[in-house]
Every structure is written in C-alpha cells, then in structure tokens.
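**Student:** One structure follows; several queries about it will come next.
The values are calculated or read from the model by the stated rules, or taken from the named source; none is laboratory data. Owing to the predicted nature of the structure, the values given are computational and were not obtained by experimental measurement. Ideal geometry is used to build each Cβ from the backbone, glycine not excepted, and the neighbour counts take in all protein chains shown.
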Amino acid sequence: MSTQAVLTDLEALANQWSLLDHAQEWSDFSQASAQAPSEWTSSVVFEGMHCTACAINIEEALMSVPGVKSAHISAASHRGRVVWSSDQTQPSQWMKAVAQLGYRTVPANDALANELRREDARKMLWRWGVAGLCMMQVMMYATPVYMSGPQEIAPDMVQLLRWASWVLSLPVVFFSCMPFFKTALSDLRHRKISMDLPVAIGMGVTFVVSTLGTFEPQGAFGAEVYFDSFTMFVFFLLTGRWLELRLRDKTAGALEAVMNRLPDAVHRKTKNGQWEMTTLRHLRLQDVIQVRPGEAFAADANILLGETQVDEALLTGESRPLPRVQGEAVLAGSLNLTATVEVQVSSLGQQTRFGQMVALMESAAVSKPSMALLADRVAKPFLWGVLVLAAVAAVWGWQYSPSHALMVAVSVLIVTCPCALSLATPAAMLSSAGALAKAGVMLRSLQALQMLAKVDTVIFDKTGTLTQEDFSLQRTVTREGVLPEQALAWAAALANHSLHPVSRSLVRAMGDKTQNLGALENIQEFAGQGVQATWRSTQTDSGSRKELRLGSAAFCGLPAAQGDVLHACLSDQDGWLATFEFAETPRAEAAETLRALEGMGLRIRVLSGDGQASVTQLASRLNIAHAMGACSPEEKLKQVKQEQALGHRVAMVGDGLNDGPVLAGADVSFALGQALPLAQSKADFVFMASDLKPLVATFALSRKTLAIVRQNLIWAAIYNFACVPLAMLGYLPAWLAGLGMACSSLGVVLNAMRLSKTLQFDVKGRA
C-alpha cells in the first residue's frame with residue numbers, strides 16, 4: 001500500500017473519530033475519574049492484533065501521545081484501557097496514533113466493534129480460501145516434477161509448470177498475504193517489530209527467490225522454485241489464524257457476550273404518548289420505555305404497566321424465571337421472557353448492577369498476570385533474536401547454495417515465531433474468566449486467578465457470609481422506664497444509616513411502624529463497631545437530647561454480654577438502654593463448602609466483629625478449628641498480615657463494610673453478590689449469587705488453569721527447542737515450518753479451551 005493511500009485511509013478514519021471528540025459521547029465508552037474530572041478511562045477494542053508484540057507497540061504508541069496517562073492492552077482479548085486527560089488530548093488523537101501502526105480502534109461495547117470483527121472474519125475466510133485453492137493447483141503442477149526421475153520431463157515443460165505456479169501464486173501474494181505485508185511495512189516505517197515482520201520477510205523472500213528462479217532458470221536461484229512451499233505455509237498460517245479467531249470468540253468472546261448484553265436501542269414514550277426508537281445514550285432517569293419478550297432491560301427500572309417473568313441468572317445467580325408485576329423493580333441486563341411491559345428508568349450506566357458487573361469484566365479482560373507480563377518482556381527480544389538467527393543461517397549457507405540458504409532462513413523465521421508462547425498464558429486465563437462469568441462469578445484481575453491457585457489459607461467473615469443475611473429479632477430487653485417500641489424506634493433510626501446486616505435486620509423489624517422520633521444529628525458510623533448520633537425530642541434547641549450509640553457492647557461502653565446469642569446494644573449518655581437479640585442461621589451450603597475446601601488442603605479461619613461467644617458457637621456448628629470474635633477491621637487486617645508473614649497465601653471471603661480493608665490486604669479476596677459496594681470494590685472475585693456454592697469450583701478452576709498454563713509454556717518451549725535446530729540444519733522445509741507454527745498455536749488455544757466449559761455447581765460447591 002502506498003504512503004498516499006495510507007494517508008487517505010487515516011483521513012477517513014479521523015473524520016469518523018472526530019465524532020467521538022464530543023464530551024456527550026464519552027460516557028458510552030469512558031468513565032470520568034472521581035478525583036480528577038478531566039481524567040477519563042476509556043475501554044476500547046483493537047482490531048488487527050496478532051501477538052504480544054502488537055499489544056506492546058500499541059501501548060508505546062498511545063503513551064507517546066501527550067495527555068495519555070496510561071495504557072493497558074491485552075493481545076488475547078484485543079481489548080484495552082486508556083487513561084487520558086481531556087485538557088490535553090481527545091479520543092481522535094490517540095486513536096490516530098494507533099491507526100498509524102496499522103491497527104483500528106473501536107469503542108468497547110459499540111455495535112461497530114462486532115460488525116468490524118465479522119467483517120475481518122469474512123475477509124480472512126476469503127484470503128484463506130484463495131490460498132487453499134491456489135495451493136492445491138500449485139501442488140498439482142509441482143507433483144509431476146517431484147515424482148519424475150531425471151530427464152523424464154522435458155526442460156521446457158518444467159519451465160511451463162513453473163510459470164503456471166508463478167501465476168497461481170500472484171493472488172496469494174497480493175491478496176492472501178496482504179495483512180502480513182501491511183503490518184510489516186508499518187513496523188519498518190515506525191522502527192518497531194511484531195510477529196508479522198519475520199513472517200512477511202519469510203513470505204517475501206520465498207516468493208522473490210522462486211520468481212528469480214522462474215525468470216532466470218540458469219541463474220543462481222534457478223535450480224529449484226518453492227511456490228508449493230510458499231502457498232502451503234501461507235495456507236497453514238491463515239488456517240491457524242482463522243481457527244485462533246474462532247476459538248478466541250469462544251473464550252474471550254464469552255466475556256464480550258456478557259458485556260454486550262444490553263440492546264442498542266429501545267422504545268421510549270414521548271411527551272405526547274407516542275413511541276420512538278432511541279439509543280441508550282439518550283435515555284434519562286424517569287424515562288418510560290417498552291420492553292418486549294426476548295429483549296433485555298436496558299436499565300434498572302420499575303414496572304408501570306403489565307406483568308412478566310424475567311431471567312436474572314446472569315445478575316443474581318437465580319436460574320429460575322422470576323415473576324415481576326406492576327410496581328416491582330427489574331434489573332438492567334436481565335431478560336424479559338413472557339410479555340411486553342412498560343417500565344420507568346430508575347438507574348443508568350455505571351449506577352446499575354449490570355454496569356458494575358461490566359466494569360469488573362472489563363478490568364479482567366485487559367489485566368495481565370505476572371506470567372503473561374514475563375512473556376511480554378521477552379516477546380520483542382525474542383523476535384529480534386529470530387531475525388538475527390535467520391540472518392546467521394542465510395550467511396552460513398550462502399557459500400554452498402544461495403537459494404537453499406535463503407529457504408533455511410525462511411524456515412527459521414517461520415518456525416520460531418512466538419505465537420504459542422504469547423498465547424500460552426492469556427488464552428488459558430481468559431477461557432477461565434469466561435467460564436466464571438457465565439457461571440455468575442465476576443473476576444476483576446487475571447492475576448488473582450493465578451494467585452488463587454497458590455492460596456493455602458481461607459479466612460471467612462461470619463455475619464452475612466457464613467450465616468444467612470437475614471436475622472430475626474427474637475427479644476428486646478430495655479432499661480426500666482423505656483418501652484421496647486421506643487427503643488426499637490431509636491435503634492432503627494440509627495440503623496437506617498448503616499448497611500451492616502444487623503442494622504438492616506433492625507430496620508426490617510421496625511417495618512412500617514411509626515414513632516415520634518424527633519430528630520437525629522451528627523450521625524457517624526464506625527465500620528465494624530456501630531453508629532452514633534445525637535437525638536432531640538423536638539426540632540428546637542429546647543428539646544431533650546440523648547447521645548445514642550448502637551452497636552457492640554464495647555462500642556456502647558458496656559460490659560461484654562454473656563451467652564451465645566447474637567445481639568446489638570443501644571446506649572445513651574446515662575448508660576445501657578436496650579439489648580436486641582437475634583437468631584442467626586448458618587447458610588445451608590456452608591458446612592459442605594468448608595469440608596470441600598479442607599479436602600483440597602486449605603486451612604479455614606473465621607474473623608468476625610461479633611462477640612466471641614456467638615463466633616465460637618458458629619465455629620462449633622461448622623467444625624471450624626480457628627475462630628476469633630470481637631475483631632475490629634484493623635484487627636482483621638493484622639491477623640491477615642500475620643498469616644502472610646508466616647509464609648501463607650491468604651484468601652478472604654466477606655460481604656460487609658468492615659471487610660473492605662482486609663479484602664484489600666489479602667492475597668485474593670471474594671465478595672458475595674449482595675456485598676456492599678466498598679467490599680466489591682476491593683474484591684478480586686464477586687459472586688453474583690448470594691451463596692458460597694461457587695467457591696470450591698473457583699478454587700479448583702484456578703488450579704486447573706495454572707496447570708494448563710504450565711503445560712502450554714512447556715509445550716511452546718519444547719516446540720521451539722526441537723524445531724529451531726531442525727530448521728537451521730535444513731531438515732524443516734518452509735511449508736512444514738508453517739504447519740508446525742500453526743499447529744503449535746492451535747494446540748495451546750485448544751488446550752486452553754478445556755477451561756471454557758460452563759461451570760455448574762452442586763450443593764457442595766463442586767463443578
């Protein structure tokens with residue numbers, strides 16, 4: 001492609017990207033930073049990538065643009081995350097920097113991304129078909145020469161067969177090989193290197209040598225032509241690329257299928273009562289939209305008209321269809337199953353449960369585990385080493401036969417391309433992430449999946465994690481002169497400012513009952529301890545005041561209660577006011593899950609902010625040897641650090657506000673689906689279903705993933721160490737080198753695909 005043609009294409013793309021420079025478009029694929037409003041994080045898809053070196057080149061190009069703060073690109077998922085400042089750059093500018101390398105950038109979750117992928121797949125299929133057809137014809141012409149003895153075919157007939165093979169090779173060169181040549185020229189123009197550069201050099205050298213032999217049969221290269229080898233290894237390489245593309249759609253594509261679940265457009269009711277089609281970016285809070293059977297809800301909403309059944313399996317883990325009637329809420333991303341309904345939008349975008357889930361998956365899709373980072377570091381030096389090794393082979397063999405020397409160099413170039421090495425880790429990790437996503441387990445970082453396989457200690461929170469989330473108020477004991485109803489009203493008023501499971505239980509116990517509460521002021525929550533506030537009987541300063549505290553006995557300044565009952569205390573400036581006793585029940589799956597984890601060789605501990613007596617009682621029921629109660633968030637974190645100091649790898653499972661610090665401090669962390677946003681923000685794994693069933697299967701999958709990664713790396717190493725000497729010695733022709741390279745990459749991807757099986761969990765949590 002000429003420089004003028006490249007510039008023309010860039011100008012056309014720049015005109016398209018300029019549409020994305022309007023601030024109102026950014027929210028579709030970007031999120032503003034809470035700390036710096038001018039700083040945006042964009043999720044994008046890159047087309048045309050084939051290896052880790054491509055990802056590195058794109059990252060370097062992006063970082064060269066003023067205003068781009070960071071860039072993380074995944075070669076396996078073809079997705080990236082770009083952090084940029086709107087004060088210094090615009091999306092069109094950093095997208096143009098990528099396009100200059102020969103890659104195309106598309107906003108993530110855009111319908112255009114899927115269309116471009118389908119278009120590229122069609123083009124690749126056409127190139128593969130042309131290469132295959134030409135290869136068969138060239139092999140038909142080459143076979144008589146190989147099968148005949150000396151002088152059995154007349155020289156002019158041999159020359160005619162060469163000319164026919166040359167003509168049939170032209171479509172392969174100018175059509176099938178074009179993506180390789182374009183990327184290679186871009187690499188040379190920008191002084192970079194990717195996997196396509198040595199491959200393109202190999203293709204070009206083979207065709208040129210064979211062409212010289214055809215035009216000058218008596219010249220230095222006229223002894224033999226290699227059109228059959230050329231067309232064969234092009235066909236094998238394209239076969240490998242095509243199958244890798246299809247397999248990637250089944251592995252990393254599982255993540256994309258979940259992320260692209262929302263409809264592109266919806267039916268919105270206008271002010272005059274008519275229905276209009278509009279895109280999601282134009283939806284606003286309180287808009288009324290119509291959702292038909294088979295469609296996904298575009299936002300969190302409340303049903304205004306109609307009743308239906310919905311599928312929330314992806315969001316809540318509930319596999320059964322759930323009835324939804326007028327007045328009830330529906331979740332973005334859930335599917336409408338039975339009837340058309342009208343709903344009113346209550347939450348959009350990142351504020352929805354689906355939006356938060358997509359943010360987790362996008363983070364996982366672009367993350368790089370340490371094993372993949374190692375491959376990134378060696379990718380470029382390895383490719384340069386390949387070029388040097390090929391040059392050495394050509395120089396060494398030139399003295400004997402120039403044409404044979406060049407073909408040996410071509411074989412080295414092709415056989416040593418690190419496709420399998422660069423795919424070994426991310427292919428397996430993304431397959432597992434896709435399987436987990438389909439099973440309702442959201443993964444924030446691929447590194448966490450690698451680390452989880454090394455965990456030997458699992459620490460659980462108690463309340464809401466090992467126990468049911470809902471507690472029932474059994475008894476209220478009050479100070480003389482204080483009515484239980486009044487004490488409950490005070491407690492519920494304080495609890496309404498906390499998301500702790502016990503607080504939520506107090507609010508539910510109060511229900512719709514009303515009390516003349518007066519006013520609360522100076523409300524403050526202490527994570528894992530309780531809530532305090534000042535209460536006034538009237539809105540005026542003349543009203544009576546109470547300094548109320550709700551929480552543990554220690555927080556309320558009271559002596560520790562005796563007994564095993566879960567309780568919360570209420571106090572004022574005069575001391576104890578009331579004690580609320582609750583009944584708590586272990587989760588149905590907790591005991592079986594813990595036994596299964598111990599069967600895998602894991603140590604189990606419990607750290608809880610509840611009293612030691614209730615923690616000990618639960619530990620006894622679940623056969624947990626190590627349990628500690630009355631733990632503040634700081635104490636929980638201290639215990640985790642102590643375990644880590646002893647050489648243990650620690651996983652933390654929690655769901656409460658007080659779990660945030662310890663979730664962040666653990667090597668790996670889990671949050672249940674109903675966990676607070678703070679807990680989820682610190683967690684590596686989020687279970688969409690509010691139960692422990694997926695825990696054992698997630699541990700088992702992580703170990704299987706690490707084993708397959710190691711298998712892939714060992715295979716890639718063995719393949720290169722075995723084939724490079726054969727290629728250097730001339731025992732590996734170019735076509736066989738192409739076949740070996742394709743089979744090596746496919747072997748790695750197919751091995752990784754074993755992890756993409758959808759996980760199904762039994763009551764014991766096993767997959």
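**Student:** Sort out for me the strands (runs of 3 or more DSSP E) sitting completely within region 543-640 that have 3 or more residues that are closer than 24 Å to Ala689 by Cβ.
**Tutor:** Numbers: elements: 545-551, 566-572, 575-583, 603-607, 626-628.
Where strands (runs of 3 or more DSSP E) fall fully within region 543-640 and carry at least 3 residues being closer than 24 Å to Ala689 by Cβ, they are 603-607.
**Student:** Kindly list the number of the only condition in (1) closer than 23 Å to Met753 by Cβ; (2) modelled with pLDDT of 80 or more that fails for Ala420.
**Tutor:** (2)
**Student:** Out of the residues in region 553-570 that are under 24 Å from Asp470 (Cα atoms) and free of Cβ contacts under 8 Å to residues at least 40 places away in the same chain, which is surrounded by the fewest Cβ atoms within 10 Å (Cβ to Cβ)?
**Tutor:** Result: Phe555.
**Student:** Having 2 or more residues that are crowded, with 17+ Cβ neighbours inside 10 Å and at pLDDT 70 or above is the bar; report the helices (runs of 4 or more DSSP H) wholly within region 1-116 that clear it.
**Tutor:** 52-63, 91-99
**Student:** So is Ile153 β-branched (Val, Ile, Thr), outside any helix (DSSP H, G or I) and within 39 Å of the chain's Cα centre (by Cα) or not? Walk me through how you get there before you give the answer.
**Tutor:** Numbers: β-branched (Val, Ile, Thr): yes; outside any helix (DSSP H, G or I): yes; within 39 Å of the chain's Cα centre (by Cα): no.
Here the answer is no, as Ile153 does not meet what is asked.
**Student:** Can you pull out the residues in region 187-226 that are aromatic (Phe, Trp, Tyr) and not in a helix (DSSP H, G or I)? Steps first, please.
**Tutor:** Initially, region 187-226 is screened for residues aromatic (Phe, Trp, Tyr), giving 207, 215, 221, 226.
Answer for region 187-226, where residues must be aromatic (Phe, Trp, Tyr) and not in a helix (DSSP H, G or I): Phe221, Tyr226.
**Student:** Name the single residue, out of those in region 483-502 being without any contact (Cβ under 8 Å) to a residue 24 or more places away in the chain and among the hydrophobic types (A, V, I, L, M, F, W, C), that is surrounded by the fewest Cβ atoms within 10 Å (Cβ to Cβ). Reasoning before the result, please.
**Tutor:** Filtering region 483-502 for residues without any contact (Cβ under 8 Å) to a residue 24 or more places away in the chain gives 483, 492, 496.
Restricting the remaining residues to those that are among the hydrophobic types (A, V, I, L, M, F, W, C) gives 483, 492.
Values: Leu483: 12, Ala492: 21.
So, considering only residues that are without any contact (Cβ under 8 Å) to a residue 24 or more places away in the chain and among the hydrophobic types (A, V, I, L, M, F, W, C), the one surrounded by the fewest Cβ atoms within 10 Å (Cβ to Cβ) is Leu483.
**Student:** Could you check region 713-745 and list, in sequence order, the residues that are modelled with pLDDT of 75 or more and touching a Leu at 6+ places or on another chain (Cβ under 7 Å)?
**Tutor:** Ala716, Cys723, Leu726, Leu732
**Student:** Restricting to region 319-336, name every residue that is farther than 21 Å from Gly355 by Cα and assigned to a loop (DSSP other than H, G, I, E, B).
**Tutor:** Arg320, Pro321, Val325, Gln326, Gly327
**Student:** Here's another thing I want to ask about it. For region 337-360: of the residues being in a helix (DSSP H, G or I) and in contact with a strand residue (DSSP E or B) (Cβ under 6 Å, 6 or more places away or on another chain), which is farthest from Leu304 (Cα to Cα)? Even if it seems obvious, please write down each step before you answer.
**Tutor:** Filtering region 337-360 down to residues in a helix (DSSP H, G or I) leaves 349-351, 353-360.
Next cut, in contact with a strand residue (DSSP E or B) (Cβ under 6 Å, 6 or more places away or on another chain) only: 357, 360.
Values: Met357: 26, Leu360: 31 Å.
The residue in question is Leu360.
**Student:** Next up: Hey, could you check region 684-704 for residues that are assigned to a helix (DSSP H, G or I) and hydroxyl-bearing (Ser, Thr, Tyr) and say which is farthest from Phe670 (Cα to Cα)? Steps first, answer last, please.
**Tutor:** Step one: filter region 684-704 for residues assigned to a helix (DSSP H, G or I), giving 694-704.
Checking which are hydroxyl-bearing (Ser, Thr, Tyr) leaves us with 698, 702.
Numbers: Thr698: 10, Ser702: 14 Å.
Among those residues, the one meeting the criterion is Ser702.
**Student:** With respect to Asp461, determine if the residue is modelled with pLDDT under 90, acidic (Asp, Glu), more than 25 Å from the chain's Cα centre (by Cα) and surrounded by fewer than 17 Cβ atoms within 10 Å (Cβ to Cβ). Before you say what the answer is, go through the steps one by one.
**Tutor:** Numbers: modelled with pLDDT under 90: yes; acidic (Asp, Glu): yes; more than 25 Å from the chain's Cα centre (by Cα): yes; surrounded by fewer than 17 Cβ atoms within 10 Å (Cβ to Cβ): no.
Criteria not met by Asp461.
**Student:** Name every residue in region 464-499 that is part of a loop (DSSP other than H, G, I, E, B) and either in contact with a strand residue (DSSP E or B) (Cβ under 8 Å, 6 or more places away or on another chain) or under 17 Å from Leu566 (Cβ atoms) (or both), in order of residue number.
**Tutor:** Those that are part of a loop (DSSP other than H, G, I, E, B) and either in contact with a strand residue (DSSP E or B) (Cβ under 8 Å, 6 or more places away or on another chain) or under 17 Å from Leu566 (Cβ atoms) (or both): Gly464, Thr465, Leu466, Gln468, Glu469, Asp470, Phe471, Arg479, Val482, His497, Ser498.
**Student:** Got a sec? Which of Ala184, Ala142, Ala154 is in the same structural domain as Pro217 (by TED's automatic domain parsing), modelled with pLDDT of 80 or more and out of contact with any helix residue (DSSP H, G or I) (no Cβ under 7 Å at 6 or more places or on another chain)? Don't jump to the end; show me each part of the working.
**Tutor:** Details: Ala184 fails: out of contact with any helix residue (DSSP H, G or I) (no Cβ under 7 Å at 6 or more places or on another chain); Ala142 fails: out of contact with any helix residue (DSSP H, G or I) (no Cβ under 7 Å at 6 or more places or on another chain).
Of Ala184, Ala142, Ala154, the one residue that is in the same structural domain as Pro217 (by TED's automatic domain parsing), modelled with pLDDT of 80 or more and out of contact with any helix residue (DSSP H, G or I) (no Cβ under 7 Å at 6 or more places or on another chain) is Ala154.
**Student:** For region 373-382, state whether one or more residues are crowded, with 20+ Cβ neighbours inside 10 Å, in contact with a Pro (Cβ under 9 Å, 6 or more places away or on another chain), part of a helix (DSSP H, G or I) and modelled with pLDDT under 70.
**Tutor:** Checked against the condition, which is being crowded, with 20+ Cβ neighbours inside 10 Å, in contact with a Pro (Cβ under 9 Å, 6 or more places away or on another chain), part of a helix (DSSP H, G or I) and modelled with pLDDT under 70, region 373-382 yields at least one hit.
**Student:** If I filter region 189-197 for residues that are out of contact with any Cys (no Cβ under 7 Å at 6 or more places or on another chain), among the aliphatic types (A, V, I, L, M) and free of Cβ contacts under 8 Å to residues at least 24 places away in the same chain, do I get at least one hit? Explain how you work it out, then say what you get.
**Tutor:** Step one: of region 189-197, the residues out of contact with any Cys (no Cβ under 7 Å at 6 or more places or on another chain) are 189-193, 196-197.
Narrowing further to those that are among the aliphatic types (A, V, I, L, M): 193, 197.
Of the ones still in play, those that are also free of Cβ contacts under 8 Å to residues at least 24 places away in the same chain are none.
No, because not a single residue in region 189-197 is out of contact with any Cys (no Cβ under 7 Å at 6 or more places or on another chain), among the aliphatic types (A, V, I, L, M) and free of Cβ contacts under 8 Å to residues at least 24 places away in the same chain.
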